[in-house]
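Structure record follows, encoded as structure tokens.
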Amino acid sequence: MEKYLEALNEAQREAVKHIDGPLLILAGAGSGKTKTITSRLAYLLSLGIDPTNTLTLTFTNKAANEMRERALSMLEGISYPPLLCTFHKFGLLFLKFHIEKLGRKNNFVVIDTDDKKRILKSFGTDLPIGLIASEISRYKSSLINPAVAWEKAEQESYKKIAALYEKYEKYIADNNLVDFDDLLVLPYQILEADEALAKEISERYKYVMVDEYQDTNDLQYKLLQKICTTHNNICVVGDDDQSIYGWRGANIKNILDFSQSFENTKVVKLENNYRSTSKILKAANELIEHNRGRIGKVLNSTKGEGKSIEVVESADENHESTIIAKRVKALIDKGVSPKSIAVLYRINALSRSLEEGLNRAGVPYNMVGGVKFYERTEIKDMISYLRIIANPNDDFSIKRIINRPKRGLGKVTLDKIIKSAYESKKSIYEYILTSADELESSMSKKCFNALYEFVQNIQTLQDVASRATYDVIDEIEELFGIKKYYAQLPDSLERVSNIDEFFGLFRDLIKQNPDMSIDDFLNDLALQSDQDNIDGENISIMSIHASKGLEFEYLFVIGMEEGFFPLIGDGSDIEEERRLGYVAITRAKEELTLSFSESRFYKGRRTELTKSRFLKESGVCQGSLILEKTTSFKKGDLVKHKIFGMGRIFEISKVKREFKLKINFGGVKRDILASFVEKI
């Protein structure tokens, strides 16, 4: 073990050799976090601590496997490996031994998200299944049972969701099923109800370690407290400056308040960065210093000064994508490996113009952790609507969108229509138009009316297209409400942004080519979105969220404008946006280019933009400093007020530099300033 300890720096060694009592390892980007935590596990085992008395929790199986291999490679003669797994794997193992305490059998089956949606669909509901599944998951993670969910629901649709939640919980219990959320919820409920078992589990796992602690949610924190019932030998590793998952439940307070939660905490800061040059780290340090909600640390480079960060200004998104593509191509032509180049963006809608610029320049790319713009569900839907206007006999496109948005047409009804159309040698559209009597007698009046409204709307759109192609997009939204439909689903902000981006593309092309028909537009689109499958290495393009944990020699970050990065409004948190900026900058090893445009399509219209405050805050260019109060609250969040109790936010607005929340406290609606409530 000695030779491995010698390979660590002073702070890493200090963290590794700390044995008893709570330890917070504040690990900056590129500071050797994994090396430190695996060395600490190996060090504990090298002292003779029984591997079965250790528990190391991570967020991904890949991280768990890598850490296990690295820790065990440092030691010889370990007869059985320590438990090193994800939170959910730990929950699964726990339930196999203890689920009987809930009156359930341990031969339960774990269901995935698709199974969950199928079960909910079988109950029959007019609400979007994705929304119901998402809300049930949120309730469970907040330990809210169906009765409380019903009691606190302020809208009729949420009453319906609470009722479906109750039905769903009964169904999975009756059929001995466990969903993904249950893998954390049920172990906590068992430990909360059984103090003796909590002590037994705590005695078994005397040394607990948690990786990526800044990403833990309230339920994971409570579960850890139960596991530490009889001791406080808990070591957590994380970076408060890289907490970027507040939107999916991660609570940054877990890491900020760790020292208050566990008494006599030792804090070790890993500030030596082995990834980036000094100039890159200087920008990251200066940017993140503008955040108030942080413990504080400064990254120091071990690699020297390096090149200055470059800032690129473009007239619009097409100009920007051309510049970035040319620069990327120049690097590859110079012999740089495409694998060492990446382009990042804050919102996925920005990938559309970037993808087209790379295609035009003949630069092959991989999209990491995302779906290419024209392959996204909502964009495929929009293209299908346009295809039907151009050719209503396109059965493939009709099948895709005949019941999207929902028109109450069940699978059996649709299968009958498709079969009858095939037998009568007609397209689906033609069959519906010419078989009114037959259809009316074979389905409910509501379904029949919805079906005929659909084909009549297609005819209306064809008429609009023959007169003015430019107006077709607005008419599609007016008649079918596709944005309205996607606004109700999970990831609504992202999906609606993508549709707006597509609307903007359509309008822009028609403006430039007034005689363009829908057919021409679709043909042009097919050419733009069809990236050649070129063999060999590709560059990477991805959202900043998807880039966490990765690193690249040459990095470009596009969309550095107010409103795009940082994203502003609807409860967005400027401090979390700044942490995202910090994550983006610290992905770069050697060269970093930040890009902003003077205008973009925004919500379907071209908008003049100002450069991001982050460019000024990171010290890479001049600009006025924008100070703003922050809120991490979102619509739908449950909050607690010291007098009015628990309530749910249904609206957020801004008053000067403060945020005002409209909150429903059990039927009584009040306007409360954000700083007077806390999130549950």
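The values are calculated or read from the model by the stated rules, or taken from the named source; none is laboratory data. Keep in mind the model is a prediction, meaning the values are calculated, not measured. So basically every Cβ, Gly included, is an ideal-geometry build from the backbone, and we count neighbours across all protein chains shown. All accessible areas refer to the heavy atoms of the entire protein, side chains included, with ligands and DNA or RNA removed. Shrake-Rupley method; radii C 1.70, N 1.55, O 1.52, S 1.80 Å.
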> Using a simple charge model, +1 on the beta-carbon of Lys and Arg, -1 on the beta-carbon of Asp and Glu, nothing else, what dipole does the chain show about its Cα centre, in debye to the nearest 20?
Replying inline: 1420
> Among 120-131, 136-147, 25-36, what's the highest-first ranking by average C-beta atoms within 10 angstrom per residue?
Replying inline: 25-36, 136-147, 120-131
> Once the Cα atoms of helix 518-529 and of the chain are each reduced to a long axis, what angle between those two axes, in degrees from 0 to 90 to the nearest 10, is obtained?
Replying inline: 30
> Quick one: with all protein chains in place, what share of the accessible area of the range 166-285 is carbon or sulfur, to the nearest percent (1.4 Å probe)?
Replying inline: 44
> Of Met382, Asn175, Thr322, which is farthest along the charge dipole of the chain in the positive direction, counting Lys and Arg as +1 and Asp and Glu as -1 at C-beta?
Replying inline: Asn175
> Between the range 371-394 and the range 441-456, what is the C-alpha centre distance in whole Å?
Replying inline: 23
> Taking only the alpha carbons of the chain, what extent do you get along each of the three principal axes, in Å, biggest first?
Replying inline: 82, 65, 54
> Can you list, largest first and rounded to whole Å, the semi-axes you get for the range 207-344 by taking the square root of 5 times each eigenvalue of its Cα gyration tensor?
Replying inline: 39, 18, 15
> Can you give the accessible area per residue of the range 212-270, in Å², using a 1.4 Å probe?
Replying inline: 37
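Would you mind telling me the share, in percent, of accessible area of the range 381-540 contributed by carbon and sulfur at probe 1.4 angstrom?
Heavy-atom surface of the range 381-540 belonging to carbon and sulfur, 1.4 Å probe: 47 percent.
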>> With θ taken as phi - 60° and the coefficients 6.51, -1.76 and 1.60, list the Karplus ³J(HN,Hα) couplings across the range 292-308 in order, rounded to whole Hz; mark glycine and proline as x.
In response: 8, x, 8, 7, x, 6, 10, 7, 10, 7, 9, 10, x, 4, x, 7, 5
> How much area per residue is accessible in the range 44-150 when the probe is 1.4 Å and only protein heavy atoms are counted (Å²)?
Replying inline: 51
> Can you list the aspartates and glutamates whose alpha carbon sits under 15 Å from that of Lys640, skipping same-chain ones fewer than 8 residues off?
Replying inline: Asp218, Asp671, Glu678
> So, in Å, what gap is there between the alpha-carbon centers of the range 72-108 and the range 312-349?
Replying inline: 45
> Tell me, what is the per residue accessible area of the range 393-536 in Å², probe radius 1.4 Å?
Replying inline: 55
>> Show me the ranking of peptides 550-556, 202-208, 352-358, 578-584 by mean Cβ neighbours inside 10 Å, starting with the highest.
In response: 578-584, 352-358, 550-556, 202-208
> Extension gain Asp333-Lys303, at 0.36 nm per residue separation less the Cα-Cα distance, in nm?
Replying inline: 8.2 nm
>> Using the Karplus curve 6.51 cos²θ - 1.76 cosθ + 1.60 with θ = phi - 60°, what ³J(HN,Hα) values do you get for each residue of the range 89-97, in whole Hz, with x for Gly and Pro?
In response: 5, 4, x, 5, 4, 4, 5, 4, 8
> About the Cα centre of the range 445-599, what is the dipole size in debye to 20, counting +1 per Lys and Arg Cβ and -1 per Asp and Glu Cβ, all else neutral?
Replying inline: 640
>> Going through the cross-link list Lys297/Lys634; Lys446/Lys483; Lys425/Lys445; Lys634/Lys662, which pairs have a Cα-Cα distance over 20 Å in this structure?
In response: Lys297/Lys634; Lys446/Lys483; Lys425/Lys445
> Using θ = phi - 60° and the Karplus curve 6.51 cos²θ - 1.76 cosθ + 1.60, what whole-Hz ³J(HN,Hα) does each residue of the range 446-457 get, with Gly and Pro shown as x?
Replying inline: 4, 5, 4, 5, 5, 5, 6, 5, 4, 5, 5, 5
> On the first, second and third principal axes, largest extent first, how far apart are the outermost C-alpha atoms of the range 356-406 in Å?
Replying inline: 36, 23, 13
> Which of rounded, prolate, oblate describes the range 1-42, given a ≥ b ≥ c as roots of the alpha-carbon gyration tensor eigenvalues and a/c under 1.5 marking rounded, otherwise prolate only if a/b is larger than b/c?
Replying inline: oblate
> Considering the dipole of the range 1-127 built from charges on the beta carbon (Lys and Arg +1, Asp and Glu -1) around the Cα centre, which of Ala63, Leu45, Ala29 is farthest to its positive end?
Replying inline: Ala63
> Per-residue ellipticity at 222 nm for the chain, helices alone: DSSP H runs ≥ 4 residues times -39500 (n - 2.57), over residue total, nearest 500 deg cm²/dmol?
Replying inline: -14000 deg cm²/dmol
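Go through 382-393, 299-310 and give me the packing order, highest mean Cβ count within 10 Å leading.
382-393, 299-310
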> Where the accessible area of the range 293-343 is counted over protein heavy atoms with a 1.4 Å probe, how much of it, in %, is carbon and sulfur?
Replying inline: 51
>> For a Förster distance of 51 Å, can you work out the FRET efficiency between the beta-carbons of Asp520 and Asp50, rounded to the nearest 0.05?
In response: 0.10
>> Over 22 Å between Cα atoms: which of Lys116/Lys226; Lys140/Lys206; Lys35/Lys548; Lys121/Lys406 fall into that group?
In response: Lys116/Lys226; Lys140/Lys206
> Give me the Kirkwood hydrodynamic radius of the range 424-563 in Å, from all C-alpha pairs, to one decimal place?
Replying inline: 19.4
> Using just the C-alpha positions of the range 94-216 as equal point scatterers, what log10 of I(q)/I(0) does the Debye formula give at each q in 0.15, 0.20 1/Å?
Replying inline: -0.78, -1.18
>> Given Cβ point charges of +1 (Lys, Arg) and -1 (Asp, Glu) and nothing else, what value in debye, to the nearest 20, does the dipole of the range 331-408 about its Cα centre take?
In response: 260
> Full extension from Thr113 to Leu433: what is 0.36 nm times the residue separation minus their Cα-Cα distance, to one decimal in nm?
Replying inline: 111.4 nm
> Could you name the lysines in cross-link range of Lys426, using Cα to Cα under 19 Å and dropping any fewer than eight places away on the same chain?
Replying inline: Lys399, Lys416
> If you project the alpha carbons of the range 144-256 onto their three principal axes, what span does each projection cover, largest first, in Å?
Replying inline: 46, 37, 22
> How high is the relative contact order of the range 55-110, in percent, with contacts defined as C-alpha pairs under 8 Å that are six or more residues apart?
Replying inline: 36
>> With a cut-off of 8 Å between alpha carbons and a minimum separation of six or more residues, what is the relative contact order of the chain in percent?
In response: 15
